[in-house]
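To start, the structure itself, in structure tokens.
Laboratory data are not the source of any read-out in this text; all were calculated from the coordinates shown. The structure presented is a predicted model; accordingly, all values stated were derived computationally and were not measured. Cβ coordinates were reconstructed from backbone atoms using ideal geometry, including for glycine residues, and neighbour counts include every protein chain displayed.
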Amino acid sequence: MAEYLVELYVAQGDHVAAQHHVALAEQAGADLAREGRAVRFLRSIFVPEDDTCFLLYEADSAALVTEAVGRAGLRLEHVSAATTSVAGAHESSADTTKGTSMTSTTSSTTSSTTSGTGPDLKELRDKQQKVWSSGDYNKIAALTVPVSEHLVDHVGVGPTDRVLDVATGTGHVALAAARRSAESVGIDYVPALLDIARRRAEAEDLVVELAEADAEHLPYDDASFDVVLSAIGVMFAADHDAAGRELVRVTRPGGRIGLASWTPEGFVGGMLRTVGAHVSPPPGAQPATRWGTEEVVAGLLGEGVTDVSSVTATVRQRFTDAAEFADLFLTWYGPTYAAAGRLDDEGRAALRADLVALAESHDRGEGGGLVCDWEYRIVTATRR
Ligand SMILES: C[S@@+](CC[C@H](N)C(=O)[O-])C[C@H]1O[C@@H](n2cnc3c(N)ncnc32)[C@H](O)[C@@H]1O
């Protein structure tokens, strides 16, 4: 395969926009590779003073690279075979070349903190914690109960397992593990959601240890769990690399990791993109749905795991109509609620209209209300 360089225009040298473009480009490359196409995203070079972001791909042909960029929804200015000098630049470990900032290293180990001008991930984490504390996630949490049950069964949680549910929210996975007689621990950084999880455990007379903690800094010793799981949870961590490392660190050798995440191409991937089109994601935010791609998760878990594999499934949702779906999410779901709060009346109405249109486009047309299938991917791995 040869290397190709893609040039993208980034208005006003906007670092956040550039990072978003890179994440989409990486995702599109991984999607095509998964479909068996000979293309791989390698890295990006951002030149803010020139309003330009370069993407370096390895591929069979320039046409394939153009297809990847098109699939990412990006408008390329130019694609060319990479020259020796460019290859030399990307092999350099220096993060500045004519003021460039390297925003990514490989398709599997993207880091958003490699440049001195990179985003403050601690600040992003604090912002996201506030987002998840807003609205009332409990009002919609029941929609994903089947995802958690599927995850726990798929990984084969049993009575001899000590299980950690990362980003447990109102406790779906932790409760499901406890119902299977496992020793169950759940963590989340929103205390109000943990309180609900505690009430649910009490109501079912289940023993579940629930603790306020950050997925990026788990308060547990190395190798302290047989099984580490997360359903639609760790994908929302601010620092994907740190969260991936923590999942691996706390799993014992031979232990299993299982992560269920919305896919980029599924309904919720579309919903998050719709929100992002109305309200720019916070600085440094990487698309959460990266975790819905096996290759990306394999990269985030790194060398500490083996036997990475995945299955894709859907969870069926039913609403009175598309408007009920939109209003439910605009009122109770932290990310949409917080985004709507940053818009004026006109902006909110436009976001609502796009959410309604999205839901209608996914309707199975069975009558009796809106019925749609939300796609997720479970990626599993074994700790070496
Ligand atoms: C969509 S909810 C899913 C909750 C739960 N796993 C479920 O299946 O219902 C996402 C959860 O991730 C939590 N979360 C996101 N980032 C986190 C972090 N860095 N540390 C701990 N919890 C986090 C949020 O507080 C929220 O409860």
Integer Hz, Karplus 6.51/-1.76/1.60 couplings in order for the stretch 287-302, x for Gly and Pro:
x, 4, 6, 3, 5, x, 10, 4, 4, 5, 5, 4, x, 5, 7, x
May I ask you to list the aspartates and glutamates whose Cα is less than 15 Å away from that of Lys130, ignoring any residue fewer than eight positions away on the same chain?
Asp188, Glu212, Asp214
With label points set 7 Å from each Cα along the Cα-to-Cβ direction at Val145 and Leu343, the distance between them in nm comes to 3.1 nm
Cα-based equivalent ellipsoid of the chain: semi-axis lengths in Å, sorted from largest, via gyration tensor
34, 25, 19
Quick check on the exposure proxy: order Thr306, Thr144, Thr312, Thr274 from fewest to most C-beta atoms within 10 angstrom.
Thr306, Thr312, Thr274, Thr144
So what's the gap between the Cα centers of the stretch 319-384 and the stretch 150-205, to the nearest angstrom?
25 Å
Once R0 is set to 35 Å, what does the formula 1/(1 + (r/R0)^6) return for the Cβ-Cβ distance between Lys127 and Ser361, expressed as a FRET efficiency to the nearest 0.05?
0.70
Neighbour net charge for Ala203 - beta-carbon separation under 14 angstrom, K R +1, D E -1:
0
Roughly what percent of Cα-Cα pairs across the stretch 237-384 reach past 22 Å?
48 percent
Can you tell me what share of the DSSP beta bridges in the chain is antiparallel? A percent to the nearest 5 is fine.
70 percent
